[in-house]
Amino acid sequence: MTSWIENPEGGRARGPRALARAWVEALIRPRRLFANGVSPGDQAPALTFAVAVAGVYALGWIVSDPSVVPGIVVSVPVSAAILFLLVVVLAAPVGLHLTAAVATLSVILASVEYDGGLALRDRGGVSETVQVVAYASSPMALAGAPIPLLRVACGVYAALLLLIGFRTVHGTSPLRTLVAGVPPALIGYGVGYRVVAAARSLIG
């Protein structure tokens, strides 16, 4: 079967089927996705993907643990719907761009080298960084249920995917990959998806 990522030029496919294929590709063939599915300037599908992942995560959390729904209005279902919309419309896009901003700075820092003076190694652009951050979040769609071990496992896998993506897209060495990937992984997946809180609950 032909992969959805073999011809990213001119924009990738949109819609639910494309999102599902991207999710599967990210989980089982990440190097292929990052090598062929990340293209300069084509951020819209990645943003949609990240919002969809956050939405599935939020829905899973709300359904499995209704106590997390704040009393926005008297009706619990309406409050849950409002919370879900806030995640999809506001929290997910803001979280992606914040994580991507941290990732961009980390990639620049990891690209610094000394060659008769300070210089920056060749690397992918900001758009590619944003796309890697978005697609690497794919395991978090499974982490909505308040099961600490599951959430930590998904967070670790997401961080690993981020490192694979940076190494593939930016051509970084193992050490530079860690410098570039650890800060955004901690902020985006560790804090944003409450993986750090889940790890603390397991430890303490």
Practice problem: Tally the residues that are surrounded by 15 or more Cβ atoms within 10 Å (Cβ to Cβ), in contact with a Leu (Cβ under 9 Å, 6 or more places away or on another chain) and farther than 13 Å from Tyr193 by Cα, restricting the search to the range 52-79. | Solution: 3
Exercise. Check whether at least one residue in the range 161-169 is among the hydroxyl-bearing types (Ser, Thr, Tyr), within 15 Å of the chain's Cα centre (by Cα) and in a helix (DSSP H, G or I), and report yes or no.
Key: no
Quiz prompt | the range 146-169, residues that are of a type outside the set (A, V, I, L, M, F, W, C), open to solvent by less than 10 Å² (accessible area, probe 1.4 Å) and within 18 Å of Thr129 (Cα to Cα) | solution = Gly165
Exercise. Would you mind telling me which numbered condition in (1) modelled with pLDDT of 95 or more; (2) closer than 22 Å to Val87 by Cα; (3) not small (Gly, Ala, Ser) Leu27 fails?
Key: (2)
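Please count how many residues of the range 71-126 are assigned to a helix (DSSP H, G or I), of a type outside the set (A, V, I, L, M) and in contact (Cβ under 8 Å) with a residue 40 or more places away in the chain. It would help to see each step written out before you state the result.
The initial filter retains those residues of the range 71-126 that are assigned to a helix (DSSP H, G or I), namely 76-110, 126.
So of that shortlist, the ones also of a type outside the set (A, V, I, L, M) come out as 77, 79, 84, 93, 95, 97, 99, 104, 106.
Then drop every residue that is not in contact (Cβ under 8 Å) with a residue 40 or more places away in the chain, which leaves 93, 95, 99, 106.
Adding up the residues that qualify gives 4.
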Exercise. Go through (1) in contact with a Pro (Cβ under 8 Å, 6 or more places away or on another chain); (2) assigned to a helix (DSSP H, G or I); (3) of a type outside the set (Phe, Trp, Tyr) one by one and return the number of the condition Asp42 breaks.
Key: (2)
Quiz item: Got a sec? Which of Ala46, Ala54 is under 29 Å from Gly124 (Cα atoms) and modelled with pLDDT of 95 or more?
Solution: Ala54
Practice problem: Could you grab me the full set of residues in the range 117-145 that are open to solvent by less than 10 Å² (accessible area, probe 1.4 Å) and of a type in the set (Gly, Ala, Ser)? | Solution: Ala134, Ala136, Ser137, Ser138, Ala143, Gly144
Practice problem: Mind counting the residues in the range 170-204 that are open to solvent by less than 50 Å² (accessible area, probe 1.4 Å) and not in a helix (DSSP H, G or I)? | Solution: 4
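The values are calculated or read from the model by the stated rules, or taken from the named source; none is laboratory data. No experiment lies behind these values; they were computed from the predicted model shown. Here the Cβ is made from the backbone with ideal geometry for all residues, glycine too, and neighbour counts use every protein chain on show. Ligands, DNA and RNA are stripped out before the accessible areas are found, and what is left, the full protein with its side chains, is counted by its heavy atoms. Shrake-Rupley method; radii C 1.70, N 1.55, O 1.52, S 1.80 Å.
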